[in-house]
Amino acid sequence: MHPDQRPLTRDLRPDGEALSLPGYERAGGYQGIRQALRLAPQEIIQLVTRSGLRGRGGAGFPTGQKWSFVPLGPAAPRPKYLAANADEMEPGTFKDRLLLEATPHQLLEGMMIAARAIEAEIAYVFLRGEYVLAAQRIQRALAEAYAAGYLGGHSFGADFSLQIYLHTSAGRYMCGEETGLLNALEGKRANPRAKPPYPQTSGLFGKPTIVQNVETLCCLPHIVNHGAEWFRSLGLAADAGTKLYGASGKVKRPGLWELPMGTPLGVLLEEHAGGMRDGLKLRGLLPGGASTDFLTPRHLDVPMDFTNVEKAGSRLGTGTMIILDDRTCPVGMVWNLEDFFAQESCGWCTPCWSGLRWAERILAAFERGQGAESDLEKLDWIVKFCAPGNTFCALAPGAVEPLSSALRYFHDDFLAHIRERRCPYRGGSNGNAGGES
């Protein structure tokens, strides 16, 4: 691919070090914000809307449309806030970490453009606490940007002033939910907020706020530099741009690649991840992190974009696949995931704190050889109990997606646990999650 077809990763250094401010500028950095400052905020919003950029954090909401709900002009409430959601705690997801560690100035420039569009004066990088190296590199990039006069005053000779702060999270999965993140920034428990009001009108400290994913923000300098049509032309199918795709599990080359949005699932698996390890076969995969529905080998022709993955019965999510092979127990895999989500529930609503732990205990019983057919009905009921509309946020609905699809695609494995009174992927009666025979 031509470097301009890999805008997010084209300037990554082979030694893994982060680009300094001079290095980033030599590669064309901070030209996007200079161009954006020549545009009115509404013009930037229209440009991003025309580009077709959708949020890369999982929901896929159109970015320009999201910004359009923020009140603009002198009568708008002040201050306004921008938060970069770098609390990457979705199991199997590590795409933002690459950008945070390798190109922190790209993130800062994207934040400047977004702040210009919504007229924000204050911004935060809300960072996962375990990302220690990312924190060091972002802090260094911030120091360089402040020293250069790009932050903190009338930047780039324009009437633009932005303060960016690094906030290192104490750590909970719930902090990735935008209103949970805002509560955490305010020093409160990371519980979700009831909506409406939405953050675009009443967010951090009651003021208009946009929360945006790291990868989404990193797309902005390139959209401003090259235009909306260029960005749309990068996609292969229904959605625009490039995407950082990842694969973990028992493939030959687990990793991360920037590819055109809509790259077929089979191409990702075979050409980039190298296919399954020798002696193993593909049984299924979670296409966008742990909180997405399983897809199976019959879905390998599906373009990996928001539109087509949804048509196939799942969600693109973060675009980072978790691979299930034929020697790993799907029941044990789902048990492991439900245990994680049950631990990470904030406890704010009953379907989440009660339903997810109940599901985990039932799945644990299956792995111990103590499952019954009546438990399958209970699991089906829990899936409905945690469905969208029954909870305050998307944690529980996402958490039961792998469970719901596992019951559909791997029903015989559940029955084998009941019939054999053990995990059939283990020799003994005390199987554990994800074991090999």
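Details
- Contacts under 8 angstrom Cβ, first residue in the range 11-39 being under 18 Å from Leu133 (Cβ atoms) and small (Gly, Ala, Ser), partner at pLDDT 95 or above and part of a loop (DSSP other than H, G, I, E, B), 6 or more apart: Ala18/Thr103
- Counting the residues of the range 363-378 that are surrounded by fewer than 21 Cβ atoms within 10 Å (Cβ to Cβ), without any contact (Cβ under 8 Å) to a residue 60 or more places away in the chain and not acidic (Asp, Glu) gives 7.
- Matching residues in the range 195-239 - criterion: being surrounded by 17 or more Cβ atoms within 10 Å (Cβ to Cβ) and among the aromatic types (Phe, Trp, Tyr): Trp230, Phe231
- If you filter the range 123-149 down to residues that are buried (at least 20 other Cβ atoms within 10 Å of the Cβ) and either modelled with pLDDT under 95 or outside any helix (DSSP H, G or I) (or both), you find that the one that is farthest from the chain's Cα centre (by Cα) is Ala123.
- Test: residue in the range 374-381 that is under 16 Å from Met333 (Cα atoms), modelled with pLDDT of 95 or more, out of contact with any strand residue (DSSP E or B) (no Cβ under 8 Å at 6 or more places or on another chain) and not charged (D, E, K, R): yes
- Strands (runs of 3 or more DSSP E) enclosed by the range 210-317 - at least 1 residues per element that are without any contact (Cβ under 8 Å) to a residue 60 or more places away in the chain and not assigned by TED's automatic domain parsing to the domain that holds Glu109: 255-260, 282-286
- The range 150-173 - residue that is in a strand (DSSP E or B) and of a type in the set (A, V, I, L, M) and, of those, surrounded by the fewest Cβ atoms within 10 Å (Cβ to Cβ): Leu166
- In the set (1) over 26 Å from the mean Cα position of the chain (by Cα); (2) buried (at least 21 other Cβ atoms within 10 Å of the Cβ); (3) in a helix (DSSP H, G or I), the condition left unmet by Trp381 is number (2).
- Test for Leu21: is it closer than 30 Å to Phe205 by Cβ and either among the hydrophobic types (A, V, I, L, M, F, W, C) or touching a helix residue (DSSP H, G or I) at 6+ places or on another chain (Cβ under 6 Å) (or both): no
- Residue among Arg232, Arg193, Arg172, Arg189 that alone is among the basic types (Lys, Arg) and closer than 26 Å to Glu109 by Cβ: Arg232
- Of all the listed residues (Thr93, Thr201), the sole one being assigned to a loop (DSSP other than H, G, I, E, B), within 25 Å of Thr242 (Cα to Cα) and among the polar types (S, T, N, Q) is Thr93.
- Some residue of the range 314-337 being of a type in the set (Lys, Arg) and in contact with a Leu (Cβ under 7 Å, 6 or more places away or on another chain): yes
- Test for Asp412: is it within 18 Å of Thr296 (Cβ to Cβ), modelled with pLDDT of 95 or more and surrounded by fewer than 19 Cβ atoms within 10 Å (Cβ to Cβ): yes
- Conditions (1) under 27 Å from Leu53 (Cα atoms); (2) assigned to a helix (DSSP H, G or I); number of the one not met by Gln343: (1)
- Residue in the range 347-355 that is crowded, with 23+ Cβ neighbours inside 10 Å, assigned to a loop (DSSP other than H, G, I, E, B) and not assigned by TED's automatic domain parsing to the domain that holds Gly274 present: no
- The range 89-101, subset modelled with pLDDT of 95 or more and touching a helix residue (DSSP H, G or I) at 6+ places or on another chain (Cβ under 8 Å), residue surrounded by the most Cβ atoms within 10 Å (Cβ to Cβ): Asp96
- Candidate set from the range 274-333 (those that are under 24 Å from Glu215 (Cβ atoms) and among the acidic types (Asp, Glu)); member that is surrounded by the fewest Cβ atoms within 10 Å (Cβ to Cβ): Glu310
- Scanning the range 391-413 for residues that are within 31 Å of the chain's Cα centre (by Cα), closer than 18 Å to Asp325 by Cβ and not hydroxyl-bearing (Ser, Thr, Tyr) yields Pro402, Ala406, Phe410, Asp413.
- Among residues of the range 28-68, those that are under 23 Å from Gln139 (Cβ atoms) and either at pLDDT 95 or above or in contact with a Pro (Cβ under 7 Å, 6 or more places away or on another chain) (or both), counted: 4
- Verdict on Met111 being under 23 Å from the mean Cα position of the chain (by Cα), modelled with pLDDT under 95, buried (at least 21 other Cβ atoms within 10 Å of the Cβ) and assigned to a helix (DSSP H, G or I): no
The values are calculated or read from the model by the stated rules, or taken from the named source; none is laboratory data. As the structure is a prediction and not an experimental result, all values here were calculated from the model. Cβ sites come from the backbone with ideal geometry, for glycine too, and all protein chains shown count toward neighbours.
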